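The values are calculated or read from the model by the stated rules, or taken from the named source; none is laboratory data. Keep in mind it's a predicted model, so treat the numbers as computed, not measured. Positions of Cβ are generated from backbone atoms using ideal geometry, with glycine treated the same way; all protein chains shown enter the neighbour counts. Please note that ligands, DNA and RNA were not included when accessible areas were found on the heavy atoms of the full protein model with its side chains. Shrake-Rupley method; radii C 1.70, N 1.55, O 1.52, S 1.80 Å.
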Amino acid sequence: MSATWFLYSPLSPRALSALADEYERHLEAYIDEHVERIDEDETVPEVAAGGEIPPVAELQAAYALAKRPLPKPILARYRACKSVITLDQASDLEVGPCRGLVSTLRYLLPRAGEGALVFPNDVPLVPVEEMLARIETKRGLPGFDGDEDDDDDDDSPVLGALQGKTKEVPGQVRALRVLASLEGLMNDPELSLDLRGTLQRSSKLAQRYAALLVEDGAVSDARASKELGVTVEELTKMADALDRTLLALKE
């Protein structure tokens, strides 16, 4: 039985769209190499970014209909969300094969921004960290998550080749995190001034990189280095430092 799940994120629509595109590239690369590892009855959700987050009144009505209280912390997190990803044809985590959904969740949830929420076809909303804990011991698609393959079929000829093979776009996960930090700080009346001062004290390269992310979304290190006219090594060193600085500023 399939359902439609929603992932509500505090990231901007542009940043979440970049995350959905990144996931699709990762999935396509996985399928190209390992299509034989996906069972015929296995369903991988269709992931799409975009759309409107339902108004708070609609959420409150859904909780009331289910005769559940809407916790204030969950409501506060929901109000802070700005964008949504739809996971269509999501399988049941408790019944039947769900490895495609498990791997999809493991990929998207850690990258969806602090305070993101999962709407698993119905209330209650689930914090991403709680959902990740819920699926921690469940099996995903072998090799998709970059972890050791947990398939019991030790005789599989492709078992060893799958271990640890993922195709991340270098720097894009960090770029998503930096962009989320920038947007969160810019939207905070108290911290926006601290952000401005931090950027003014930063290198010209860091200032241009921050502006590039805000303008074009989370881009890979290769593209950013080309756009900014520096080597990938220079770009990576600067971006890592900026990432640490912004995270510390948020704390």
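Quick notes
- One residue alone among S83, S91 is touching a Ser or Thr at 6+ places or on another chain (Cβ under 6 Å), surrounded by 15 or more Cβ atoms within 10 Å (Cβ to Cβ) and over 28 Å from V214 (Cβ atoms), and that residue is S91.
- I38 meets the stated requirement of being at pLDDT below 90 and either in contact with a Pro (Cβ under 7 Å, 6 or more places away or on another chain) or crowded, with 18+ Cβ neighbours inside 10 Å (or both).
- Any hit, region 104-113, residues being among the aliphatic types (A, V, I, L, M), modelled with pLDDT under 95 and more than 29 Å from L185 (Cα to Cα): no
- Residue match in region 135-148 (condition: closer than 26 Å to R174 by Cα, hydrophobic (A, V, I, L, M, F, W, C) and assigned to a helix (DSSP H, G or I)): no
- A residue that is within 14 Å of the chain's Cα centre (by Cα), among the β-branched types (V, I, T) and on the phi < 0 side of the Ramachandran plot occurs somewhere in region 47-65.
- Note on region 170-186: residues that are assigned to a loop (DSSP other than H, G, I, E, B) and either small (G, A, S) or buried (at least 22 other Cβ atoms within 10 Å of the Cβ) (or both) amount to 1.
- A single member of R68, R99 is open to solvent by 20 Å² or more (accessible area, probe 1.4 Å) and closer than 18 Å to A3 by Cα, and it is R99.
- Of all residues making up region 9-34, the number that are in contact with a Cys (Cβ under 9 Å, 6 or more places away or on another chain) and open to solvent by 10 Å² or more (accessible area, probe 1.4 Å): 1
- Restricting attention to region 187-217, the residues that are open to solvent by less than 90 Å² (accessible area, probe 1.4 Å) and at pLDDT 85 or above add up to 18.
- Residue ID - surrounded by the fewest Cβ atoms within 10 Å (Cβ to Cβ), chosen from residues in region 112-150 that are of a type in the set (D, E, K, R) and either within 30 Å of P69 (Cβ to Cβ) or touching a His at 6+ places or on another chain (Cβ under 6 Å) (or both): E136
- Test: residue in region 68-84 that is out of contact with any helix residue (DSSP H, G or I) (no Cβ under 8 Å at 6 or more places or on another chain) and on the phi > 0 side of the Ramachandran plot: no
- Every listed requirement among (1) more than 30 Å from L179 (Cβ to Cβ); (2) part of a helix (DSSP H, G or I); (3) open to solvent by less than 60 Å² (accessible area, probe 1.4 Å) is met by Q60 save one, (3).
- Every residue from region 222-251 that is under 21 Å from the mean Cα position of the chain (by Cα), surrounded by 20 or more Cβ atoms within 10 Å (Cβ to Cβ) and free of Cβ contacts under 8 Å to residues at least 60 places away in the same chain: A224
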